[in-house]
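The values are calculated or read from the model by the stated rules, or taken from the named source; none is laboratory data. Values in this document were obtained by computation on a predicted structure and should not be read as measured data. Counting neighbours? That spans all protein chains shown, and the Cβs are built from the backbone with ideal geometry, glycine included. Heads up: the accessible areas ignore ligands, DNA and RNA and are worked out on the full protein's heavy atoms, side chains in. Shrake-Rupley method; radii C 1.70, N 1.55, O 1.52, S 1.80 Å.
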Amino acid sequence: MVMTLDEATRRATARQDLCSQVKQLLVDRLSLDVDPQAIGDDQPLFGRGLELDSIDTLELAMAVEDTFGVTVTDDDTQSLLSLNRLVDHIEGARA
Amino acid sequence: MTGQPLSAPARAVLTADEIARLLPHRHPFFLLDRITALEPGASAEALKNVTASDGVLAGHFPGRMLYPGVLLVECVAQLAAVIYGSAAAQSSTGDLVADVADRVGYLAEIRQAKFMKPVFPGDQVVFRAQSGPRLGGLISVNGQASVGRELVMTARLAVTELDQP
Amino acid sequence: MKTSYTTTDEEYSALRHHVGLIGYDGAGLVTVSGPQATAYLGRVGTRSVDFLLEGQSTSSLLLREDGTIIAEAIVHCRGTDYLVEIWPAQAAEAVAHLLAAATAFAEVTVEDAGAQYAVLAVEGPSSFQIAQKYLDFPIASLAYRSCAAVEWGGGTVTLSRTGITGEYGYKFIVPSGDASRLRAELLELGAVECGKDALDICRMEVRFANLEREHTGGPVTPFDVGLQWMLDAGQDFAGLDALEESRRQPRRSPVCWVADAALETAPPQGTAIEAGDAEVGVVTHCVWSPTLDRFIGTAVVDGGVAASGQDFRLAGGGTAVRTISAPFLTATSLGLPLG
């Protein structure tokens, strides 16, 4: 079903709020020299993009578990392909 | 007498000789004296007696011997290797100890290491390590060291998983 | 660059499942040397090369003073000089820009090397098997975004690991005179010639921006195409002031979308995107994804509705499009060990 402008706005506000929290968490826990608001929603986390490494991944997984109570395991590596994918994973696990 | 109650050091779950079957480390880099509690794959506790005859103290520092902080971190890393080595031994042989030293993982990260108090010759250091989340071949390890009731060091490490046989 | 050699489907399949050969005809190539080379590149590009070691490559954006993108450049550090490589469609403006910018630096030599070299690439999950034949060390040691000098056919070839499809990818920067011989050899080794259209699909699927095609008709800033991560914090690059000014203005945000299966033709660039009866954005680029069996694309939408998981509609036909979380799909090479 296509959303009305109201529905689209309401949903986007909640989603953007969660994205902002995750961006802030990334910057804080991984001590990145990046303005969290400058991280794009579809920005890749590895390789191109934030250029995290596998050691950062473990830290990121722990941060997500501490903050959102959501675990990230080896079965969830698809969730680490972009910030949006990670937020999907958190949203999905909390729903 | 100092007036403090005398208590015997905790009983060994693994002796130094048994630790040596789990770890590839040898003198002068074999650091743990005794494992006093062990849950393979999950957590462990170890003792280390710091002694003035340790060659490292001759250089760290002349006239002011104290145990190097980085070696306290290394003790936690070796304790982590005991946690995972004993799990591997148990799953392949059913015993806590087997010759698995050649499969030891590597230290991948030291994060948030804090040294609260210096450690001197004569101190008996108790190390505790606990295995945390694992992802992508890495495991996080929480570690701490204490002398008596005082915490002397805390650190979080990441280590690589053991090579599969 | 040709758009296609055989059919886009065949070429797409080669890139995603085997190995494709890409001839970057008309690629821009510029050498940068001299004591101020590092300072020059840090000013003309958005990323610092201060810590780039010999044998490493990085990508950087070249911006106009107004903060809009001229091109994405790949900078290879070769030890004695830097080699800057630019996508063919943007080569003319980017090379002129690089040459002009050099006049502000007394001790830098910037030369157009486009005529001296040709650029050929192999991309695809098995491309590393071909690249390995040109290296005397294990291919796994040539890390992503690194380069090596390779002796081949009596000359020196710069072989780098970079790409745009998300698959393994290796690029050969070869003296022009040897290019046709290298091309023949790569074809002989099993690479299938691929044109721009198949590349464009792969690129979209892994959400690498195509600056040639993804826009709303005019110049774009890094924020318009989600490339703001290529702006190094603390770097005083050309275009920075204008970008900071433009960030204070409300602007539309880039999103990725997948169309409903009912969509029969690609919506042209600029097609409005609606929520209810309100226009909230426009399509910036669209391709057909053979793997997903759908039209997929990018759009810019109003900040207030920009999010993954939104159900919008294309104006006109009214086909539903849903915004998704990039990338559209995972490259075949991911999870495939090198070597």
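The single condition among (1) farther than 19 Å from C:Arg322 by Cα; (2) of a type in the set (A, V, I, L, M, F, W, C); (3) within 10 Å of chain C (Cβ to nearest Cβ); (4) in contact with a strand residue (DSSP E or B) (Cβ under 6 Å, 6 or more places away or on another chain) that A:Leu52 does not meet is (3). Find the residue count for segment A:1-41, including only residues that are open to solvent by 30 Å² or more (accessible area, probe 1.4 Å), within 8 Å of chain C (Cβ to nearest Cβ), assigned to a loop (DSSP other than H, G, I, E, B) and not hydrophobic (A, V, I, L, M, F, W, C). Going through segment A:1-41 one residue at a time, the tally reaches 4. Number of residues in segment C:310-319 that are within 7 Å of chain A (Cβ to nearest Cβ) and over 9 Å from C:Ile273 (Cα atoms): the value is 2. For the condition surrounded by fewer than 21 Cβ atoms within 10 Å (Cβ to Cβ), in contact (Cβ under 8 Å) with a residue 24 or more places away in the chain and aromatic (Phe, Trp, Tyr), B:Tyr106 qualifies. Of the residues making up segment C:207-228, those that are more than 21 Å from C:Lys2 (Cβ to Cβ), in a loop (DSSP other than H, G, I, E, B) and facing chain A (nearest Cβ under 9 Å) are C:Arg207, C:Gly226, C:Leu227.
Being within 20 Å of C:Glu212 (Cα to Cα), buried (at least 16 other Cβ atoms within 10 Å of the Cβ), under 24 Å from the mean Cα position of the chain (by Cα) and of a type in the set (Val, Ile, Thr) is the requirement here; does C:Val300 meet it? In short, yes. Which residue is nearest to A:Ala8 (Cα to Cα), if the candidates are limited to segment C:229-263 and must be in contact with a strand residue (DSSP E or B) (Cβ under 9 Å, 6 or more places away or on another chain), in a loop (DSSP other than H, G, I, E, B) and open to solvent by 30 Å² or more (accessible area, probe 1.4 Å)? Result: C:Arg252. Given the structure, is C:Gly309 in contact with a strand residue (DSSP E or B) (Cβ under 7 Å, 6 or more places away or on another chain), modelled with pLDDT of 90 or more, surrounded by fewer than 18 Cβ atoms within 10 Å (Cβ to Cβ) and over 27 Å from C:Ser60 (Cα atoms)? Yes. The listed residues are C:Gly124, C:Gly155, C:Gly114, C:Gly166, and the only one of them that is surrounded by fewer than 21 Cβ atoms within 10 Å (Cβ to Cβ) and in contact (Cβ under 8 Å) with a residue 60 or more places away in the chain turns out to be C:Gly114. Restricting attention to segment A:60-80, and to residues there that are crowded, with 17+ Cβ neighbours inside 10 Å and either facing chain B (nearest Cβ under 7 Å) or small (Gly, Ala, Ser) (or both), which single residue is nearest to the chain's Cα centre (by Cα)? Top of the filtered list is A:Ser79.
Cβ-Cβ distances below 8 Å connect the following pairs, each with a first residue in segment C:78-102 that is free of Cβ contacts under 8 Å to residues at least 40 places away in the same chain, a second residue that is assigned to a strand (DSSP E or B) and crowded, with 20+ Cβ neighbours inside 10 Å, and a separation of six or more residues or different chains: C:Glu93/C:Ile70; C:Glu93/C:Ala71. Exactly one residue out of C:Ala71, C:Ala102, C:Ala115, C:Ala121 is of a type in the set (Gly, Ala, Ser) and assigned to a loop (DSSP other than H, G, I, E, B), and it is C:Ala115.
Among the candidates B:Arg111, B:Arg128, the residue that is in contact with an Asp or Glu (Cβ under 9 Å, 6 or more places away or on another chain) and over 22 Å from B:Leu66 (Cβ atoms) is uniquely B:Arg111.
Of all residues in segment C:147-155, none satisfies being small (Gly, Ala, Ser) and closer than 25 Å to C:Thr284 by Cα.
Scanning segment C:169-186 for residues that are over 24 Å from A:Gly47 (Cβ atoms), open to solvent by less than 10 Å² (accessible area, probe 1.4 Å) and either of a type outside the set (A, V, I, L, M, F, W, C) or not in a strand (DSSP E or B) (or both) yields C:Leu182, C:Leu186.
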